[in-house]
Amino acid sequence: MLKILILCKSLSTTKKIANKILCDLEEIKIVGIANELNESKELILKTEPDFIISTTSSIIEFLENNINFYTPKVIIISRSSEIYTDNKTMLILNYNMKFSEMSKYISKFIRQDISISKKDKVRKELSNLGFNFKLCGTIYLFDSILYSSTYKGYYSFEKLKRDIYSHVAELNNSTPDRVKWSIARSINYMFQKHTLKSYEVVEKYFGIKYPKKPTPKLVISRIANNLD
């Protein structure tokens, strides 16, 4: 969950940012709203936001002088900026830009981190369950979970090969049949790697009992749902 702090003197602008941009983003949480820099300092120290959205460019100097234990990403909406600057840590937008266009830039900038966050979560879940990332089947499983989480409602778990494996095959220059076979092999490898005792983590996660193995459908759907 990415944490966002809004620093803005105008209440109407704050409402627009929150209601017309941030409300459409998943995996985020507004942890504070401030009207001035000094007020934001307390909130930053307390919440450590991943992103700060501000209508004052003074936030950059303020962060450099007051916050030295971490570096949040910053989105500045400035009246003095004639062009936007987009890089990995900062996005600067002109205040007079159309709000619909501004919304696209902000959404894209934040979604980059949402995507990274999801990938980290999936990798951690699969590793904790005992999956081996040296196997191509685990990579296919990883991609299947990310696709399932991103495009819910556009596919059927009942038709994995048609709706999910075909996408993963195209992404990895493979075939749906190879994806299906490799994922099954990865699950078998995970199962064989465990002892009766260590398999408890798999039993608890998927709600099954040894010697039952989780199906590809169960692995993909459970982890994809847990991301939300």
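Scanning the stretch 132-152 for residues that are more than 20 Å from the chain's Cα centre (by Cα) and open to solvent by less than 10 Å² (accessible area, probe 1.4 Å) yields one hit, Gly137. If you take the residues of the stretch 1-25 that are charged (D, E, K, R) and open to solvent by 80 Å² or more (accessible area, probe 1.4 Å), which of them is modelled with the highest pLDDT? For the stretch 1-25, the residue satisfying everything is Lys15.
Here is the figure for the stretch 45-59: residues that are more than 22 Å from Leu93 (Cα to Cα) and open to solvent by less than 60 Å² (accessible area, probe 1.4 Å) total 1. Pairs are defined by a Cβ separation below 9 Å, a sequence spacing of at least 6 or placement on different chains, a first member in the stretch 1-29 that is assigned to a helix (DSSP H, G or I) and of a type in the set (Asp, Glu), and a second member that is at pLDDT below 90 and open to solvent by 10 Å² or more (accessible area, probe 1.4 Å); the pairs so defined are Asp24/Ser103; Asp24/Ser107. Scanning the stretch 208-227 for residues that are surrounded by 14 or more Cβ atoms within 10 Å (Cβ to Cβ) and within 12 Å of Glu125 (Cβ to Cβ) gives Val219, Ile220, Arg222, Ile223, Ala224, Leu227. Apart from one condition, Glu203 fits all of (1) open to solvent by less than 50 Å² (accessible area, probe 1.4 Å); (2) in contact with a helix residue (DSSP H, G or I) (Cβ under 8 Å, 6 or more places away or on another chain); the exception is (2). Of the residues Asp120, Asp177, only one is among the acidic types (Asp, Glu), under 22 Å from Glu26 (Cβ atoms) and open to solvent by 80 Å² or more (accessible area, probe 1.4 Å); which? After ruling out the rest, the residue left standing is Asp120.
May I ask you to list the residues in the stretch 41-78 that are among the hydroxyl-bearing types (Ser, Thr, Tyr) and under 11 Å from Leu5 (Cα atoms)? Thr47, Ser54, listed by residue number. Considering the stretch 29-44, the residues that are in contact with a helix residue (DSSP H, G or I) (Cβ under 6 Å, 6 or more places away or on another chain) and within 26 Å of Lys121 (Cβ to Cβ) include one that is least open to solvent (accessible area, probe 1.4 Å), namely Gly32.
The values are calculated or read from the model by the stated rules, or taken from the named source; none is laboratory data. Please read all numbers here as calculations on a predicted model, not as lab measurements. For neighbour counting, all protein chains shown are included, and Cβ atoms are generated from backbone atoms with ideal geometry for every residue, glycine included. Keep in mind that these areas ignore ligands, DNA and RNA; they rest on the heavy atoms of the full protein, side chains included. Shrake-Rupley method; radii C 1.70, N 1.55, O 1.52, S 1.80 Å.
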